[in-house]
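Quick notes on the structure that follows.
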Amino acid sequence: MKFFTGILLSAAAAQAHYTFPRLVVNGKAEEKDWSVTRMTKNSQGKQGVENPASADIRCYSSQTAANVADVPAGSTVHYVSTQQINHPGPTQYYLAKVPAGSSATKFDGSGAVWFKFHTTMPTIDKNKQFTWPGQNLYTTVNATIPDSIPDGEYLLRVEHIALHMAMQANKAQFYLSCSQIRITGGGNGTPGPLVALPGAYKSSDPGILVNLGAIKPDAYQPPGPAVWSDS
């Protein structure tokens with residue numbers, strides 16, 4: 001009986017994990033899983049990253065994808081999830097411009113090149129519980145590519161930070177993907193602040209080491225840099 005119970009618990013834990021294998025741009029998904037989005041090393045096990053200082057925090061040790069998606073500035077983007085995103089926590093989006101002389105199919109995203117352009121905050125539902133945009137859905141929340149972002153090739157990164165065990169150090173779980181995109185029709189904005197991944201997060205950051213039962217929703221502090229505003 002204990003053995004059978006252990007199997008059930010393991011299965012339940014696996015179902016609570018997820019990956020984001022398919023980018024959706026203005027309602028149109030990439031042709032197949034991992035064709036524009038880089039296949040992560042957790043594509044089978046689906047375990048999240050727990051150490052925010054690990055190199056996996058950037059793109060989860062993924063292999064490069066075969067294709068680059070054309071994404072007009074101002075587009076709405078989100079990701080398809082392999083499981084219901086049922087853990088509490090924010091969803092954040094980052095971009096990193098590919099340096100001159102490289103390409104989105106080769107750039108590894110190293111250095112202080114990443115800027116955040118979207119994050120989510122919690123509210124309280126009718127049962128006086130924390131609730132987050134996108135929670136319990138099979139897609140990540142929508143984000144909009146800034147209108148004034150300069151044209152060029154980029155890495156697009158999404159992360160959902162699961163905070164259900166985050167009252168313990170290194171127990172927040174980062175579920176993330178990186179996609180290879182080419183932005184067109186943009187402007188002359190100067191995105192920032194720019195950060196490195198790893199480097200932007202510490203295990204002790206208040207948005208990573210946090211007891212959601214002990215704070216108010218508007219007191220939550222998403223980790224990482226400020227969201228770039230192109231206005």
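For the range 95-111, state whether one or more residues are small (Gly, Ala, Ser), touching a helix residue (DSSP H, G or I) at 6+ places or on another chain (Cβ under 7 Å) and under 22 Å from residue 194 (Cβ atoms).
yes
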> Residue check, residue 153 against (1) of a type outside the set (Gly, Ala, Ser); (2) assigned to a loop (DSSP other than H, G, I, E, B); (3) open to solvent by 20 Å² or more (accessible area, probe 1.4 Å); (4) modelled with pLDDT of 95 or more, all met but one. Which one?
Replying inline: (2)
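May I ask you to list the residues in the range 39-52 that are touching a Phe, Trp or Tyr at 6+ places or on another chain (Cβ under 8 Å) and surrounded by 15 or more Cβ atoms within 10 Å (Cβ to Cβ)? Please lay out each step first, then the result.
Start the filter on the range 39-52 by keeping residues that are touching a Phe, Trp or Tyr at 6+ places or on another chain (Cβ under 8 Å), which leaves 40-43, 46, 48-50, 52.
Result: 40, 42, 43, 46, 48, 49, 50, 52.
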>> Looking at the structure I just gave you, is residue 89 open to solvent by 40 Å² or more (accessible area, probe 1.4 Å) and either at negative phi or at pLDDT 95 or above (or both)?
In response: no
> Do we find that residue 49 is in contact with a helix residue (DSSP H, G or I) (Cβ under 9 Å, 6 or more places away or on another chain) and of a type in the set (Val, Ile, Thr) in this structure?
Replying inline: yes
>> Consider the range 122-136. How many of its residues are open to solvent by 40 Å² or more (accessible area, probe 1.4 Å) and either part of a loop (DSSP other than H, G, I, E, B) or out of contact with any helix residue (DSSP H, G or I) (no Cβ under 6 Å at 6 or more places or on another chain) (or both)?
In response: 9
>> Quick check on this structure: which one of 65, 55 is open to solvent by 50 Å² or more (accessible area, probe 1.4 Å), hydrophobic (A, V, I, L, M, F, W, C) and farther than 16 Å from residue 80 by Cα?
In response: 55
>> Could you check the range 188-231 and list, in sequence order, the residues that are hydroxyl-bearing (Ser, Thr, Tyr) and surrounded by fewer than 16 Cβ atoms within 10 Å (Cβ to Cβ)?
In response: 190, 203, 204, 229, 231
> If we scan the range 2-13, do we find a residue that is open to solvent by 40 Å² or more (accessible area, probe 1.4 Å), modelled with pLDDT of 90 or more and not hydroxyl-bearing (Ser, Thr, Tyr)?
Replying inline: no
>> For the range 63-121, give me each residue that is within 19 Å of residue 225 (Cβ to Cβ) and in a loop (DSSP other than H, G, I, E, B).
In response: 89, 90, 109, 110, 111, 112, 113, 119, 120, 121
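The values are calculated or read from the model by the stated rules, or taken from the named source; none is laboratory data. Being a predicted model, the structure only gives us computed values, none of them experimental. Neighbour counts run over all protein chains shown; Cβ positions are idealised from the backbone, glycine included. The accessibility values were calculated without ligands, DNA or RNA, using every heavy atom of the protein model including side chains. Shrake-Rupley method; radii C 1.70, N 1.55, O 1.52, S 1.80 Å.
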